[in-house]
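Contents: one structure, followed by commentary.
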Amino acid sequence: MFRSIQWRITIWFVLLVIVSMTALGAYLTGSVRNSQLSSLRTQLENEAKIIAEASLPGLVSQGEVNDLDALAKKLGAQISTRITIISLDGTVLGDSHENPSTMQNHATRPEFRDARASGLGESTRYSITLGKQMMYVAVPIIVQGEVLGVARVALPLTQVESSVNRIIMSIIAAMAIAAAMVIIVAWLIARMTTRPIRELTYASRKIASGEFVQKISVGTRDESGQLASAFNEMSFKLKEMLATISEDRTRLAGILDNMADGVILTDAGGNFVMTNKAAQKLFGIKEEDAKFKPFIEVVREHELNDLLLSCLETGQEQVEQFEMATLNRFLRVISIPIASDRLDGVLLLIQDLTELRGLQTMRREMVGNISHEFRTPLAGIKAMVETLQDGAVDDREAAKDFLSRIGDEVDRMAQLVAELTELSRIETGKAELKLELVDLNELVEEVIAQIKPQAERQNLVLETVLADDLPAIPVDKERIRQVIVNLIHNAIKFNRPGGSIKTTTKKSEDSVFVEVSDTGAGIARDDLPHIFERFYKADKSRSGKGSGMGLAIAKHIVEAHGGEIRAQSEEGNGSIFSFTLPITQGTQ
């Protein structure tokens, strides 16, 4: 009998009902008991307060003990409750059921102590005097804030236990009836449940016939064993097929997810089918949210949607490049029709060329800047050489002046080449940092002493505010000197006559801080984001002799030390350049 699923289902149903009814019965029993006890506790509390009020005159007038005992017996008979009146020292002054003189001192009773301490005491215990489980509730007898004694009332828990026993009997009866009904119903349900299983076994064997011939040993003889046998016959072939499909799918998913280019697949109606991580990141979409939605609704780029529609209409591959203003990206998109007998969808391959385009733009600008920087000195040299060739070489003073100027221009170009070489070495990580412990305060003072004559010639005041607690830090001294010289030199070059330059050092938790501020003309808002780019010069400095690479070199030197450089300026209100260096060196 127990080999049958039908009977096993029936037994489990019965066990479930029994367990459920038992749990429900325990819950109901506890709930009713707690409810009854709470109700009894409230009743006793109210009665105790009444007794306290009634016994107050006897305690205030310090009358005879017999008066309080008579009061307790009288009231106890009226409300069918045991009443006890107790003095502050625990002596029983009156009791509705016993002679107070023969009763023990109640000072140690928990309800008496709690009533005196908190204003209400409650205890449930077995009464030896009455031979019953009793609930005791006590309240203090108070007059004008002074506790004169304690009034206690008590009732047996017979009624509570009686109610609980009735519920238990009701639950047992309900369990018996429910178990009988469940056996019948579960048997019918199990009978109906196993019928489809038998039919499914027969159908599975039909599916397993033909090329899916496979027999395995089945340990049981019931319906589930027959079903397992039928499905096991199919499992081997199905497992092979699913393994192949899963492997191909995993390989394809791995390729798509690791592609740098975005991939989006749509159906013939232009609705999303699938996408890869690159496309999700580029357009800020989630594949689960985008599936089967119209392409334009998800991407919201009309140029891409037009390209998709063109591919769907013509059935031909389309290639376009777009400047996506909303994404701030430059994209090359290839739409490839997917078709066998008919067009099934479109595969969009999205290549992000923004970085490549930026590099190309940077290269063109760099070539243009270098050409510009070399064109002026070369033109001057050529003009002076032609002048010398035309006869000025015979004029000793003119020839000497021209040769000196040619030498200056050559030095300028050599300096430009040296700066380009230095910047390239730092950017590519080929410039090794010669680290040593350096006191930046001393280094700042050295630079100030070196550059002070230049500042005095322009009537500028150099100020320093150097931190006393600045620690020595591991840096390449000469390169950091180059950074400080560059910042102070710029502050001198672009300052106003009579202005000032202040150099400050500070210490934070894990780095040191150097700041150079000036009272110059400041930097225009449009120029400020570009001042650390190589060859970049604000309009006001185009007439100067600088190469426009000093700040770029300073930026890369500071970053090579693991620090950060920044600039703040407001046109007309001077500029503040600052950089930080880590106290513990971690080069980048």
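The values are calculated or read from the model by the stated rules, or taken from the named source; none is laboratory data. Small disclaimer: the values here were computed from a predicted structure and weren't measured. Glycine also receives a Cβ, built like all others from the backbone with ideal geometry; neighbour counts cover every protein chain displayed. Only protein heavy atoms, including side chains, enter the accessible area calculation; ligands, DNA and RNA are left aside. Shrake-Rupley method; radii C 1.70, N 1.55, O 1.52, S 1.80 Å.
Restricting to the stretch 246-260, give me the number of residues that are open to solvent by less than 90 Å² (accessible area, probe 1.4 Å) and either in a loop (DSSP other than H, G, I, E, B) or in contact with a Ser or Thr (Cβ under 6 Å, 6 or more places away or on another chain) (or both).
Residues flagged as open to solvent by less than 90 Å² (accessible area, probe 1.4 Å) and either in a loop (DSSP other than H, G, I, E, B) or in contact with a Ser or Thr (Cβ under 6 Å, 6 or more places away or on another chain) (or both) within the stretch 246-260 amount to 1.
When the residues of the stretch 386-420 are narrowed to those that are open to solvent by 60 Å² or more (accessible area, probe 1.4 Å) and among the hydrophobic types (A, V, I, L, M, F, W, C), which ends up modelled with the highest pLDDT? Even if it seems obvious, please write down each step before you answer.
If we filter the stretch 386-420 for residues that are open to solvent by 60 Å² or more (accessible area, probe 1.4 Å), which is where we start, we get 386, 389-390, 393-397, 400-401, 403-405, 408, 410-412, 415, 417.
From what is left, the residues that are among the hydrophobic types (A, V, I, L, M, F, W, C) are 393, 403, 410, 417.
Numbers: V393: 74, L403: 83, V410: 80, V417: 74.
Ranking the candidates gives L403 first.
Go through the residues of the stretch 212-231 one by one and say whether even a single one is in contact with a helix residue (DSSP H, G or I) (Cβ under 7 Å, 6 or more places away or on another chain), part of a helix (DSSP H, G or I), open to solvent by less than 50 Å² (accessible area, probe 1.4 Å) and at pLDDT 65 or above.
Yes, because at least one residue in the stretch 212-231 is in contact with a helix residue (DSSP H, G or I) (Cβ under 7 Å, 6 or more places away or on another chain), part of a helix (DSSP H, G or I), open to solvent by less than 50 Å² (accessible area, probe 1.4 Å) and at pLDDT 65 or above.
Given the structure, is D89 of a type in the set (D, E) and exposed (fewer than 13 other Cβ atoms within 10 Å of the Cβ)?
Details: of a type in the set (D, E): yes; exposed (fewer than 13 other Cβ atoms within 10 Å of the Cβ): yes.
Here the answer is yes, as D89 does meet what is asked.
V60 versus (1) more than 19 Å from I168 (Cα to Cα); (2) open to solvent by less than 60 Å² (accessible area, probe 1.4 Å): which is the lone unmet condition?
Condition (2) is where V60 drops out.
For (1) over 60 Å from the mean Cα position of the chain (by Cα); (2) surrounded by fewer than 12 Cβ atoms within 10 Å (Cβ to Cβ); (3) outside any helix (DSSP H, G or I), each residue gets a yes or a no:
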{"site": "N105", "(1), (2), (3)": "yes, no, yes"}
{"site": "F112", "(1), (2), (3)": "no, no, no"}
{"site": "T124", "(1), (2), (3)": "no, no, yes"}
{"site": "V139", "(1), (2), (3)": "no, no, yes"}
{"site": "I142", "(1), (2), (3)": "no, no, yes"}
{"site": "S162", "(1), (2), (3)": "no, yes, no"}
{"site": "R166", "(1), (2), (3)": "no, yes, no"}
{"site": "S170", "(1), (2), (3)": "no, no, no"}
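More than 30 Å from M384 (Cα to Cα), buried (at least 18 other Cβ atoms within 10 Å of the Cβ) and modelled with pLDDT of 90 or more, is that true of I484?
On the way: more than 30 Å from M384 (Cα to Cα): yes; buried (at least 18 other Cβ atoms within 10 Å of the Cβ): yes; modelled with pLDDT of 90 or more: yes.
Taking the combined requirement at face value, the residue satisfies it.
Output the residues belonging to the stretch 318-327 that are over 15 Å from L356 (Cβ atoms) and open to solvent by 50 Å² or more (accessible area, probe 1.4 Å).
Within the stretch 318-327, V319, E320, A325, T326 meet the criteria.
Could you check, for the stretch 262-275, whether at least one of its residues is over 15 Å from V298 (Cβ atoms) and at pLDDT 85 or above? Before the answer, list the steps.
So the first thing to find is which residues in the stretch 262-275 are over 15 Å from V298 (Cβ atoms), and the list is 268.
Narrowing further to those that are at pLDDT 85 or above: 268.
Within the stretch 262-275 (the criterion being over 15 Å from V298 (Cβ atoms) and at pLDDT 85 or above), the answer is yes, since at least one residue qualifies.
List every residue pair whose Cβ atoms lie under 8 Å apart, where the two residues are 6 or more positions apart in sequence or sit on different chains, the first residue falls within the stretch 99-118 and is farther than 14 Å from E45 by Cα, and the second residue, located anywhere, is modelled with pLDDT of 85 or more and open to solvent by 90 Å² or more (accessible area, probe 1.4 Å).
Short answer, once both residue conditions are applied: N105/D89; A107/D89; A107/R113.
Whether any residue in the stretch 522-538 is modelled with pLDDT under 90, β-branched (V, I, T) and either in a loop (DSSP other than H, G, I, E, B) or open to solvent by 40 Å² or more (accessible area, probe 1.4 Å) (or both) is what I want to check.
Taking the stretch 522-538 as the starting set, the residues that turn out to be modelled with pLDDT under 90 are 522-538.
Okay, now just the ones that are also β-branched (V, I, T), so 523, 531.
Still in the list and also either in a loop (DSSP other than H, G, I, E, B) or open to solvent by 40 Å² or more (accessible area, probe 1.4 Å) (or both): 523, 531.
Scanning the stretch 522-538, I find at least one residue that is modelled with pLDDT under 90, β-branched (V, I, T) and either in a loop (DSSP other than H, G, I, E, B) or open to solvent by 40 Å² or more (accessible area, probe 1.4 Å) (or both), so the answer is yes.
Which pairs do you get when a residue that is at positive phi, found in the stretch 263-276, comes within reach of a residue that is part of a strand (DSSP E or B) and open to solvent by 40 Å² or more (accessible area, probe 1.4 Å), reach meaning Cβ atoms under 9 angstrom, with the pair 6+ apart or on two chains?
G270/P294
Criterion first (polar (S, T, N, Q) and either at pLDDT 75 or above or not in a helix (DSSP H, G or I) (or both)) does T201 satisfy it?
Details: polar (S, T, N, Q): yes; either at pLDDT 75 or above or not in a helix (DSSP H, G or I) (or both): no.
No, not satisfied.
Since V516 meets every condition but one in (1) open to solvent by 70 Å² or more (accessible area, probe 1.4 Å); (2) modelled with pLDDT of 90 or more, which condition does it not meet?
(1)
Yes/no matrix, rows are residues, columns are (1) of a type outside the set (A, V, I, L, M); (2) open to solvent by less than 40 Å² (accessible area, probe 1.4 Å):
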| position | (1), (2) |
| --- | --- |
| E98 | yes, no |
| R116 | yes, no |
| M135 | no, yes |
| R152 | yes, yes |
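Taking the conditions exactly as written (modelled with pLDDT of 90 or more and under 25 Å from D469 (Cα atoms)), does T584 satisfy them or not? Give the steps one after another, and end with the answer.
Working: modelled with pLDDT of 90 or more: no; under 25 Å from D469 (Cα atoms): yes.
Spelling it out, it is not the case that T584 is modelled with pLDDT of 90 or more and under 25 Å from D469 (Cα atoms).
Restricted to the stretch 461-477, and to residues that are open to solvent by 40 Å² or more (accessible area, probe 1.4 Å) and assigned to a loop (DSSP other than H, G, I, E, B), which residue is modelled with the lowest pLDDT?
Result: D469.
All but one of (1) out of contact with any Leu (no Cβ under 7 Å at 6 or more places or on another chain); (2) at pLDDT 70 or above; (3) not in a helix (DSSP H, G or I) hold for M175, so report the exception by its number.
Result: M175 passes all but (3).
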